[in-house]
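Visitor: Please read through the structure below; I'll follow up with questions.
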Amino acid sequence: FLRCPMTEEQPDLLTRFREGDPSAFSSLVAEMGPRLKGFFLRLGAQASTAEDLTQHVFLRVYQSSDRYQASGRLPAYLLRIARNLWIDYCRKKRPFSLGESFPDAADSGPGPVELGEAGDRAALLRKALASMDLATQEIIEMAVLQQLPYQDVAAVLHIPVGTVKSRVYYALRKLREGLEHPLRDSTPES
């Protein structure tokens, strides 16, 4: 996953843009655009909707760049905006399920057997994720798929860090159990 470069000598890209470096915003879009689009795709957006929402994130960032306060957590700041846009989008549209358009784990490189196995695993993962409540799906997205530090996830969701840790732990345990015993719920009892 992409990380925005930031050292003590060099401010983050949004700060550099605000201070008059127009190329910094282009760099920010190039670095974070694919990550944000992936965020929306994993939440169930169609590709065109994910692209539109990603553009809206950057539009909001551009329009409010004068109010941005660098804290060393630019990716978390962008994901917070993305999350709020997604919530607004979902309020206007139909209810969704994370598993509706979750991208398959298979890519075009492997052979048919590997593709079949990967497709089966992806389908099982989509089903397990879709069975979880939306709050749990959101935590998994940020903490596991986006690999945000727990402190950043807590800031985005406005919950304590300990709550993030416990929710991630229990969600991963539930996912693991669902993947280890995928047919448990669908087998007839004898």
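Visitor: Going by average Cβ density within 10 Å per residue, which order do the peptides 17-29, 72-84, 146-158 take, highest to lowest?
Guide: 72-84, 146-158, 17-29
Visitor: Under 11 Å from the Cβ of R18, count the other residues' Cβ atoms, weight Lys and Arg +1, Asp and Glu -1, and hand me the total.
Guide: -2
Visitor: Listed here are the pairs K93/K174; K92/K165; K37/K92; which of them are more than 23 Å apart at the Cα?
Guide: As for pairs spanning more than 23 Å Cα to Cα, those are K93/K174; K92/K165.
Visitor: Give me the percent of the accessible area of the range 5-69 that comes from carbon and sulfur atoms, probe 1.4 Å, all protein chains in place.
Guide: On the range 5-69, the fraction of accessible area on carbon and sulfur atoms equals 49 percent.
Visitor: I would also like to ask the following. Length gain on complete extension for the stretch Q69 to V144, per 0.36 nm per residue less the alpha carbon to alpha carbon distance? List each step's numbers first, then the result.
Guide: Numbers: separation 75, 0.36 × 75 = 27.00 nm, distance 2.60 nm.
Roughly 24.4 nm would be gained on extension.
The values are calculated or read from the model by the stated rules, or taken from the named source; none is laboratory data. If you're wondering where the values come from, they're calculated on a predicted model, not measured in any experiment. A quick note on method: Cβ atoms are made from the backbone with ideal geometry, for glycine too, and the neighbour counts reach across all protein chains shown. Note: accessible area is taken over every heavy atom of the protein model, side chains too, but ligands, DNA and RNA are not part of it. Shrake-Rupley method; radii C 1.70, N 1.55, O 1.52, S 1.80 Å.
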